[in-house]
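Comments concern the structure below.
The values are calculated or read from the model by the stated rules, or taken from the named source; none is laboratory data. From a predicted model like this one, the values you see are computed outputs, not experimental measurements. Every residue, glycine as well, gets a Cβ built from its backbone with ideal geometry; the counts of neighbours run over all protein chains shown. Side chains included, ligands, DNA and RNA excluded: accessible areas come from the protein's heavy atoms. Shrake-Rupley method; radii C 1.70, N 1.55, O 1.52, S 1.80 Å.
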Amino acid sequence: MTAAPTTHDPSPSARTAGVTVPGRPLLFIALVVAMILLVGVVFPQIIYLALTVDAMLIGLLYWDGARLARNPVSVQRSEWTRVQIDRPCDVLFRIENRGQRAVIVGLRQPWPSTLEADTDRLETLVEPGEVVVAALTVTPRRRGRIEIPTAEADVRFPLGLAKRRWDLNDAAQVTVYPNLEGLNQYDTLRRSHTLAQLGIHRTRIVGSGREFEQLRDYIPDDNYSDINWKATARHRRPITNVYQAERSQDILICLDCGRMMGNPVGKGTALDRAIDASIMLAHVAHRQGDRVGMALFRDAVTQFIKPGSDMVLLNRIIRALVDAHPEGVFPSYAALAQAIRTNQKRRCLVFLFTDLNDPQLAANLAEVMPLLAHRHVVVIVSLRDPLLDRVAGAAAHHRHAMYQILAANQLATERDAAIQSLALAGVQVLESEADRLSVELVNRYLSIKARQLI
């Protein structure tokens, strides 16, 4: 996740490092000399003047380059903090001029295609003895591990004829996490009892059977209904009841990483939206005191994390989701069911993210999931295809449009039949628009908890 900083060491052994190249003023003079040489074809006596100027330029280049080599300048790239997809972050460069003259430092940082940046170059004036922190802003557009090429620095005097150029040798690998801003927003609204702003409905757990444990001083995050008014009057300060935590339950989040989850949805894929919703669900379940686990599968189960309640396991789930990407294979629901039967002996709530818009996959799902529903509470989570619904409800203005509408209606009918088959077998189905997926998923989880179905 972090890039190790690299410093251009200005010690005497390192001052000769780098390459001296001509600056813009010197290149301009060289161009003028070249034009003089062309004129010298007609007037040979001018050639001697041009050669003299060339010799002077070469001398000035080495003289200015030697002065730069003796002027110690260091450039260091700071460590990267946690980088999240679609969130701008600043890459900082610390530039220190320990010389006696002002210099202009230029930086060039090549970016991979998965990072979006306004520019890959910056140039700044650094006075003698001054330390300047310069920043380049980038926005990651894809999860996973990204290779960052080494940066290139150059230094020159404001009116100098030469540049000293070197590589920072700071190539690094940066991990781009999913966007976790929603978790902070959830915690903030939860503390202030205003989760309705996110669209999350507070549900009362009927017959929860909480047992009293102790009294303690009231803190601002406590629920008003837990205040013990008799103890408050007796102690003359707010006192709240503390209850024993409810029996934690197992939540298993399963993500299909097959070919259909690679379908584009907005700026990302269906799997990207499923990962964002999974992290929100895992976070909410952890806050509710439940144990959370995860399974990733394609044609086979690639990773299975048994449910747990500690924060270390939750971070492990997030790290595993960083490298989850769709592949062009059909998912095996039978392999997932076998992994759950083998690794999950306790009754749990299973959320399976997959795609119901493929009739064959929906049929396979309808055959396998009822076997799990006998022991576990199973919820199939799928994104609605807005294009399919739009085409199915459109008007046919020509023959080609009529064929498209008929095909879309057939796919929609087969999808609805598969959903009805799953419902009859005791499997719940949650279809949602991409922008509402996280909220509707959390509401479904809270509803199942309130109805005590687990």
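Brief remarks follow.
- Hits in segment 92-119 - residues which are surrounded by 14 or more Cβ atoms within 10 Å (Cβ to Cβ), modelled with pLDDT under 90 and within 20 Å of Val176 (Cβ to Cβ): Thr114
- Residue in segment 310-322 that is part of a loop (DSSP other than H, G, I, E, B) and either in contact (Cβ under 8 Å) with a residue 12 or more places away in the chain or touching a Gly at 6+ places or on another chain (Cβ under 9 Å) (or both) present: no
- Some residue of segment 344-352 being outside any helix (DSSP H, G or I), under 20 Å from Arg444 (Cβ atoms) and open to solvent by 30 Å² or more (accessible area, probe 1.4 Å): yes
Residues are listed down the side, and each one gets a yes or a no for (1) modelled with pLDDT of 85 or more; (2) open to solvent by less than 30 Å² (accessible area, probe 1.4 Å); (3) not small (Gly, Ala, Ser):
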{"site": "Lys163", "(1), (2), (3)": "no, no, yes"}
{"site": "Thr175", "(1), (2), (3)": "yes, yes, yes"}
{"site": "Thr188", "(1), (2), (3)": "no, no, yes"}
{"site": "Thr203", "(1), (2), (3)": "no, no, yes"}
{"site": "Ile219", "(1), (2), (3)": "no, no, yes"}
{"site": "Asn228", "(1), (2), (3)": "yes, no, yes"}
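- Checking every residue in segment 259-273 against the condition of being farther than 24 Å from Leu115 by Cα and without any contact (Cβ under 8 Å) to a residue 40 or more places away in the chain gives zero matches.
- Residue within segment 291-299 that is in a loop (DSSP other than H, G, I, E, B), among the hydrophobic types (A, V, I, L, M, F, W, C) and over 26 Å from Gln452 (Cα atoms) present: no
- Each residue in segment 321-361 was checked for being under 30 Å from the mean Cα position of the chain (by Cα), of a type in the set (A, V, I, L, M, F, W, C) and over 19 Å from Leu281 (Cβ atoms), and 6 of them qualify.
- Within segment 423-434, restricting attention to residues that are in contact (Cβ under 8 Å) with a residue 12 or more places away in the chain and farther than 13 Å from Phe353 by Cβ, the residue that is most open to solvent (accessible area, probe 1.4 Å) is Glu433.
- Residue list for segment 120-157, filter: open to solvent by 70 Å² or more (accessible area, probe 1.4 Å), part of a strand (DSSP E or B) and within 20 Å of Ala171 (Cα to Cα): Arg121, Val133, Arg145, Glu147
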